[in-house]
1. Give the residue, chosen from 124, 152, 67, that is of a type in the set (Lys, Arg) and part of a strand (DSSP E or B).
2. Being within 12 Å of residue 261 (Cβ to Cβ) and small (Gly, Ala, Ser) is the filter here, so list the residues in the stretch 300-340 that pass it.
3. For residue 168, are the conditions met, namely being buried (at least 16 other Cβ atoms within 10 Å of the Cβ), closer than 18 Å to residue 55 by Cα and in the same structural domain as residue 208 (by TED's automatic domain parsing)?
4. For a quick check of your reading of the model, give me the residue pairs whose first member lies in the stretch 19-36 and is within 16 Å of residue 218 (Cβ to Cβ), whose second is of a type in the set (D, E, K, R), with beta-carbon atoms closer than 6 Å and at least 6 apart or on different chains.
5. Tell me, please, whether a residue that is assigned to a loop (DSSP other than H, G, I, E, B), over 18 Å from residue 198 (Cα atoms) and small (Gly, Ala, Ser) can be found in the stretch 77-96.
6. Taking the conditions exactly as written (closer than 21 Å to residue 213 by Cα, charged (D, E, K, R) and in the same structural domain as residue 192 (by TED's automatic domain parsing)), does residue 61 satisfy them or not?
7. With the requirement that a residue be farther than 20 Å from residue 216 by Cα and touching a residue at least 24 places away in the same chain (Cβ under 8 Å), what does the stretch 38-57 give you?
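The values are calculated or read from the model by the stated rules, or taken from the named source; none is laboratory data. Since the model is a prediction, treat every value here as computed from it, not as a measurement. Cβ: placed from backbone, ideal geometry, glycine included. Neighbour counts: every protein chain shown.
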Amino acid sequence: METAVPIIELVGLGKEFKTASGPIKALEDINLSIEQGEIFGIIGLSGAGKSTLVRCINYLEVPTSGKVLFEGRSLSAMTGRQQRMARQSMGMIFQQFNLLAQRNVIQNICFPLEIAGTAKKDAKKRAMELLELVGLQDRAKAYPAQLSGGQKQRVAIARALATNPKILLCDEATSALDPNTTKSILNLLKEINKDLGVTVVVITHEMSVIEAICDRVAIIDQSHIAEVGSVSRIFSEPKSKIGRQLILGDAAEQVVGFGNSKRVRISFDGRSSFEPVLANMILACKVPVNIIHAETRDIKGTAMGQMVIQLPEDEIDANRILNYLKTAKVPHEEVKDYDF
């Protein structure tokens with residue numbers, strides 16, 4: 001059986017920038033495969049090289065070494081015209097939207113179509129279809145200054161989709177937005193991926209964005225790929241130090257003591273078996289707990305039974321967990337050693 005060719009493959013990719021004080025390596029020996037139709041995340045701290053990486057994918061930055069393969073063909077081996085055609089297959093949206101202030105919404109969306117030589121009538125028809133897709137059909141004649149941040153990003157998404165790209169590259173696309181607007185933009189990207197079959201590459205420094213939208217994720221650290229895997233695997237079992245830091249924050253470096261600290265019995269008496277109570281608690285509180293005893297079972301999708309956990313010795317950490325359990329209305333009580 002023939003294996004499908006990845007839509008994007010990076011092979012030994014490197015990028016150096018020349019400065020007055022000497023060359024700086026932004027990327028070194030990057031090897032990644034992005035499959036057709038997936039939502040792929042690239043996450044890293046500021047300065048890790050993630051924005052340079054996304055710009056190398058569509059050759060806005062030409063790599064110093066290695067290859068970028070688009071549908072199995074090397075961009076470096078293409079003619080100038082072939083590269084432009086390939087770039088038209090890669091829409092891009094940015095943190096600061098990059099809309100043209102002197103053009104209204106419909107004119108902004110038509111801009112890449114004008115460059116591609118599309119007839120004016122056809123370009124306007126396509127732009128109106130895309131405005132409907134992003135839910136802004138009533139704002140066609142508005143100018144960027146008259147739009148909210150979320151509306152600007154929706155226009156930017158529509159513009160990026162104008163040339164029917166196969167890939168949508170999102171460089172910190174939600175970093176300038178509030179949480180509710182971020183959620184709506186991520187939902188829109190998921191709809192575009194599902195309904196149009198567009199492969200989405202998300203560049204971010206926020207693990208919450210990766211968790212909300214991505215199928216797989218690559219963690220980049222100091223110009224190198226630290227690890228790659230499914231989002232569920234990376235979240236449950238990060239193998240790299242930077243992975244643990246991004247997921248757990250400061251808790252990744254904490255040495256948590258338990259000693260003779262409080263023990264709490266959690267009762268499961270009707271919650272869904274599919275609700276990850278303990279995992280949600282640990283992620284929310286950013287501290288681990290010690291499982292002393294567990295006796296739970298699934299009865300037709302309902303969790304029944306009990307679990308005894310030991311809280312951290314640190315009083316602040318312990319109270320954080322107790323407050324979480326109270327707020328989440330999880331039945332619980334403090335117990336002694338002999339109570340279970």
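1. One residue alone meets the criteria, 67.
2. 318
3. Yes, satisfied.
4. Correct list of pairs: 26/15; 27/15; 33/9.
5. No: zero hits.
6. no
7. If the condition is that a residue be farther than 20 Å from residue 216 by Cα and touching a residue at least 24 places away in the same chain (Cβ under 8 Å), then 46 is the only one that fits.
A quick yes/no check of all residues on (1) touching a strand residue (DSSP E or B) at 6+ places or on another chain (Cβ under 6 Å); (2) part of a helix (DSSP H, G or I); (3) surrounded by 15 or more Cβ atoms within 10 Å (Cβ to Cβ); (4) among the polar types (S, T, N, Q):
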| site | (1), (2), (3), (4) |
| --- | --- |
| 264 | yes, no, yes, no |
| 268 | yes, no, yes, no |
| 280 | no, yes, no, yes |
| 284 | no, yes, no, no |
| 288 | no, no, yes, no |
| 293 | yes, no, no, no |
| 298 | no, no, no, no |
| 307 | yes, no, yes, no |
